[in-house]
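Colleague: Sharing a structure here in C-alpha cells format.
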Amino acid sequence: MINSSKIKLVTVLLLMLTAVGVSAAELKIGVVDVEKVLPEQLEKINKELTESFIEPRQEKILAARQKVQDLVAKLQTEAVTMSVSERQVLEDEIRALDREAPRLQQDLQDDVNRRQQQLLEDYNMILQDKIAAFAEKEGYDLILQKNVTLYDSQALDITDKVLAALSAE
C-alpha cells in the first residue's frame with residue numbers, strides 16, 4: 001500500500017511549484033526506482049556482515065556444540081567408572097551447554113537483524129545524498145521515488161542514469 005503521507009507530500013510540493021508560477025514545461029523531473037538500486041547494496045551489506053560479524057560468532061556456536069558432543073562422548077565412555085556426583089556434574093554441564101548453543105544462535109540472529117537494519121538506514125541516507133547531488137549536478141528540479149508515485153512516464157525514469165553515476169563513484 002502506498003504511504004498516504006508521501007503522496008500528500010508530493011502533492012503539496014507539486015502544488016507549491018505551480019503556485020509560484022513554475023510551469024510543468026520548465027520543470028525537470030526525474031523518477032528513481034530505489035528498489036532497483038538496493039540489490040547491489042544488499043549484497044555488499046550481507047558480505048560485510050558475514051565476514052566481519054557472523055563468521056567469528058558462528059565459530060563460537062560451533063565450538064559450544066562440539067564441546068557438548070565431546071562431553072556426551074566422555075559421559076558415554078566413562079559413565080561406568082564415574083561416581084554419581086561426577087556424572088551429575090558432567091550431565092549438568094552438558095545440559096547447560098546444550099541450552100547455550102541455541103541461545104547464542106538466537107542472539108546472533110537478533111544482532112545480525114539489528115546490524116543489517118542499521119546498515120540499510122545508513123545506506124539509505126548516503127543514497128539520498130548521492131541522488132540529491134546527482135539531481136543538482138544534472139539540473140533536476142524534482143526527483144521522486146518510483147514507489148511513491150501513482151503514475152510516471154518511462155521518460156521520467158532516471159534510475160539507470162543514477163546507477164551509472166553511483167557506479168562511477
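Colleague: Taking the conditions exactly as written (free of Cβ contacts under 8 Å to residues at least 60 places away in the same chain, closer than 30 Å to V34 by Cα and either in a helix (DSSP H, G or I) or not hydrophobic (A, V, I, L, M, F, W, C) (or both)), does E136 satisfy them or not?
Modeller: For E136, the condition - free of Cβ contacts under 8 Å to residues at least 60 places away in the same chain, closer than 30 Å to V34 by Cα and either in a helix (DSSP H, G or I) or not hydrophobic (A, V, I, L, M, F, W, C) (or both) - is met.
Colleague: Exactly one condition in (1) closer than 30 Å to Y123 by Cβ; (2) surrounded by fewer than 11 Cβ atoms within 10 Å (Cβ to Cβ); (3) modelled with pLDDT of 85 or more is false for S52; which is it?
Modeller: Among (1) closer than 30 Å to Y123 by Cβ; (2) surrounded by fewer than 11 Cβ atoms within 10 Å (Cβ to Cβ); (3) modelled with pLDDT of 85 or more, S52 violates only (3).
Colleague: Would you tally the residues in the stretch 98-123 being in contact (Cβ under 8 Å) with a residue 40 or more places away in the chain and over 18 Å from E55 (Cα atoms)?
Modeller: Qualifying residue count for the region: 2.
Colleague: How many residues does the stretch 151-169 contain that are under 21 Å from L38 (Cα atoms), surrounded by fewer than 16 Cβ atoms within 10 Å (Cβ to Cβ) and hydrophobic (A, V, I, L, M, F, W, C)?
Modeller: Within the stretch 151-169, residues that are under 21 Å from L38 (Cα atoms), surrounded by fewer than 16 Cβ atoms within 10 Å (Cβ to Cβ) and hydrophobic (A, V, I, L, M, F, W, C) number 3.
Colleague: Out of R95, R87, report the one residue that is assigned to a helix (DSSP H, G or I), more than 30 Å from I29 (Cα to Cα), free of Cβ contacts under 8 Å to residues at least 12 places away in the same chain and not small (G, A, S).
Modeller: Values: R87 fails: free of Cβ contacts under 8 Å to residues at least 12 places away in the same chain.
Result: R95 is the single residue among R95, R87 that is assigned to a helix (DSSP H, G or I), more than 30 Å from I29 (Cα to Cα), free of Cβ contacts under 8 Å to residues at least 12 places away in the same chain and not small (G, A, S).
Colleague: Step by step: first the residues of the stretch 28-44, then only those that are of a type in the set (A, V, I, L, M) and part of a helix (DSSP H, G or I), then the one that is farthest from D129 (Cα to Cα). Which residue is that?
Modeller: L42
Colleague: Test of understanding: among D111, D70, which residue is in contact with a Phe, Trp or Tyr (Cβ under 9 Å, 6 or more places away or on another chain) and of a type outside the set (A, V, I, L, M, F, W, C)?
Modeller: D111
Colleague: I would also like to ask the following. So, of the residues in the stretch 20-37 that are modelled with pLDDT of 75 or more and of a type in the set (A, V, I, L, M), which turns out to be surrounded by the fewest Cβ atoms within 10 Å (Cβ to Cβ)? Steps first, answer last, please.
Modeller: Narrowing the stretch 20-37 to residues modelled with pLDDT of 75 or more: 26-37.
Remaining after also requiring of a type in the set (A, V, I, L, M): 27, 29, 31-32, 34, 37.
On the way: L27: 13, I29: 19, V31: 20, V32: 24, V34: 16, V37: 18.
Of everything passing the filter in the stretch 20-37, L27 is surrounded by the fewest Cβ atoms within 10 Å (Cβ to Cβ).
Colleague: Quickly run through the stretch 142-164 and pick out the residues that are outside any helix (DSSP H, G or I) and either of a type in the set (S, T, Y) or at pLDDT below 85 (or both).
Modeller: First, pick out the residues of the stretch 142-164 that are outside any helix (DSSP H, G or I): 142-145, 149-153, 157-158.
Scanning the stretch 142-164 gives T149, L150, Y151, D152, S153.
Quick grid of which residues meet (1) modelled with pLDDT of 90 or more; (2) of a type outside the set (S, T, Y); (3) crowded, with 16+ Cβ neighbours inside 10 Å; (4) touching a Lys or Arg at 6+ places or on another chain (Cβ under 6 Å):
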{"site": "Q88", "(1), (2), (3), (4)": "yes, yes, no, no"}
{"site": "I94", "(1), (2), (3), (4)": "yes, yes, yes, no"}
{"site": "R99", "(1), (2), (3), (4)": "yes, yes, no, no"}
{"site": "R103", "(1), (2), (3), (4)": "yes, yes, no, no"}
{"site": "V112", "(1), (2), (3), (4)": "no, yes, yes, no"}
{"site": "Q128", "(1), (2), (3), (4)": "no, yes, no, no"}
{"site": "A132", "(1), (2), (3), (4)": "yes, yes, no, no"}
{"site": "Y140", "(1), (2), (3), (4)": "yes, no, yes, yes"}
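The values are calculated or read from the model by the stated rules, or taken from the named source; none is laboratory data. As the structure is a computational prediction, the values presented were derived from the model and not from experiment. Using ideal geometry, Cβ is built from the backbone for each residue, glycine included, and neighbour counts are taken over all protein chains shown.
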